[in-house]
Amino acid sequence: MKPLKIAIQKSGRLNEKSVELLKNCGLSFENYKSSLISPVSNFPLEILFLRDDDIPEYVQDGIADLGIVGENVIMETEVDVSYLQRLGFGKCTLKIALPNGSEIEELKQLEGKSIATSYPVILDKFLRENKISADIRTISGSVEISPGLGLSDAIFDIVSTGGTLKSNGLKPFADVISSEAVLIGRKGEENHEHVQDLIQRIQSVLRAKETKYVVLNVSQECLPEILKLLPGVKSPSVLPLAESGWVAVHTVIPERDFWNKISQLKAAGAQGIVVMPIEKIIL
Ligand SMILES: Nc1ncnc2c1ncn2[C@@H]1O[C@H](COP(=O)(O)OP(=O)(O)OP(=O)(O)O)[C@@H](O)[C@H]1O
Ligand SMILES: O=P(O)(O)OC[C@H]1O[C@H](OP(=O)(O)OP(=O)(O)O)[C@H](O)[C@@H]1O
Ligand SMILES: [Mg+2]
C-alpha cells in the first residue's frame with residue numbers, strides 16, 4: 001500500500017516539537033538534515049520537511065495527506081482541510097500592537113491608519129468585521145520594527161511572551177485570534193485506516209502528557225479520605241503493603257491540578273509519594 005505523507009515544518013518554532021511528537025508515537029525516521037523527505041521504517045508514512053506557509057495548500061491539494069502547522073497559517077491561507085487534532089504546542093495570539101506613545105485608545109481610531117503585518121488576510125477580515133478601513137502593509141518578517149522606522153502606525157503579529165513587542169517599544173492593543181499547532185488532513189481522508197491509527201497514537205501521547213502516575217502509601221484509616229480525593233475512571237488501584245494496616249494507592253493525576261492535589265493528599269495522610277511520567281495512555 002502507498003505510504004501516507006505528513007508535512008511538518010523544516011526548521012523554526014514547530015519543527016522540534018513536531019519531530020518529538022512523531023517520535024513519541026513510536027515512529028522511526030531520520031531527522032531531515034540531509035534530505036527533505038524521510039521514510040518512516042515502521043509505519044506506512046513519509047515525512048516531508050517544508051516551509052510552514054506551504055503546508056496547508058500541500059494538504060488541501062493532496063500532495064501531503066496530513067500536516068502539522070499553526071492555526072494562524074491555515075487561516076491566512078484560507079484552505080479547505082480537516083482539523084484532526086489540536087496539539088498543545090506553538091501556542092500564541094495574533095495581536096494588533098501600538099507604539100508605546102500612540103494616542104490610539106479605541107479600535108475605531110485605527111481608521112485611516114497603516115498597519116504592518118505578515119498576516120494580511122486575517123487582519124483584513126478582522127478590520128472588515130469591525131468596519132474599519134485601514135491601510136494594510138504586508139511585509140514578510142521583522143514586523144515589530146516597522147513603526148520605529150516610520151513604516152506604519154501599528155502592527156499585527158504573533159505574540160507569545162510579549163518580549164519582542166516590549167523590546168521594540170510596542171504595547172499590545174487588541175487580540176484578534178489565538179493559535180496553536182494542529183494536525184490537519186486532506187478532506188475526505190479522515191477515516192483512512194492509517195490516518196485513524198496515527199490520530200489514536202497522537203492522542204495517547206497527548207493524554208499521557210497531561211497526567212502523572214502517582215503511587216503513595218497510606219494507613220487503612222486514612223484510605224477513605226484519600227479515595228474521596230481521587231475520583232478516577234477505574235483507578236485508583238489499592239494494594240496491601242507488607243506492613244499490616246497500610247496500603248499503596250496507584251493513580252493518575254491531571255498535570256493542571258497536580259500540586260493542589262498533592263497538598264490535599266498529604267494533608268489527608270498520604271506518605272512516600274512517588275510521581276512518574278507516563279509515556280502513553282491507550283483507552
Ligand atoms: N513566539 C511564539 N510562540 C509560540 N508559537 C509561535 C511563536 N512564534 C510563532 N509561533 C507559531 O509557530 C509557527 C512557526 O513560526 P516560525 O517563526 O518558525 O515561522 P516561519 O518563520 O514562518 O517559518 P518558515 O521558515 O517555516 O516559513 C507560527 O506560524 C506560529 O503558529
Ligand atoms: O512574544 P514573543 O515571545 O517575543 O514572541 C513573538 C515573536 O516570535 C515570533 O518570531 P520568532 O522568534 O519565531 O522569529 P521569526 O519572526 O524570525 O520567525 C513572532 O514572529 C514574534 O516576532
Ligand atoms: Mg513561514
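Can you tell me which residues in the stretch 209-250 are touching a Pro at 6+ places or on another chain (Cβ under 8 Å) and within 25 Å of CYS25 (Cβ to Cβ)?
If the condition is that a residue be touching a Pro at 6+ places or on another chain (Cβ under 8 Å) and within 25 Å of CYS25 (Cβ to Cβ), then GLU210, THR211, LYS212, TYR213 are the ones that fit.
Determine whether VAL59 is more than 14 Å from ligand 1 (Cβ to nearest atom), closer than 23 Å to GLN9 by Cα and within 20 Å of the chain's Cα centre (by Cα).
Answer is yes for this residue.
Would you check which residues across the stretch 41-56 are crowded, with 20+ Cβ neighbours inside 10 Å and either among the basic types (Lys, Arg) or more than 9 Å from ligand 1 (Cβ to nearest atom) (or both) and list them?
LEU45, ILE47, LEU48, PRO56
Which one is nearest to ligand 1 (Cβ to nearest atom) among residues in the stretch 147-157 that are more than 18 Å from GLU103 (Cβ to Cβ) and surrounded by 14 or more Cβ atoms within 10 Å (Cβ to Cβ)?
Checking each candidate, the answer is ASP157.
So which residues in the stretch 65-99 are within 14 Å of ligand 1 (Cβ to nearest atom), part of a strand (DSSP E or B) and surrounded by 20 or more Cβ atoms within 10 Å (Cβ to Cβ), if there are any at all?
Residues satisfying the conditions are GLY67, ILE68, VAL69, GLY70, LEU94, LYS95, ALA97.
Would you check if THR251 is more than 29 Å from GLY67 (Cβ to Cβ) and surrounded by 17 or more Cβ atoms within 10 Å (Cβ to Cβ)?
So THR251 passes the test.
Computed from the coordinates by the stated procedures, all read-outs in this text should not be read as laboratory data. Keep in mind that what you see is a predicted model, and the values were worked out from it rather than measured. Every residue, glycine among them, receives a Cβ derived from its backbone with ideal geometry; neighbour counts consider all protein chains shown.
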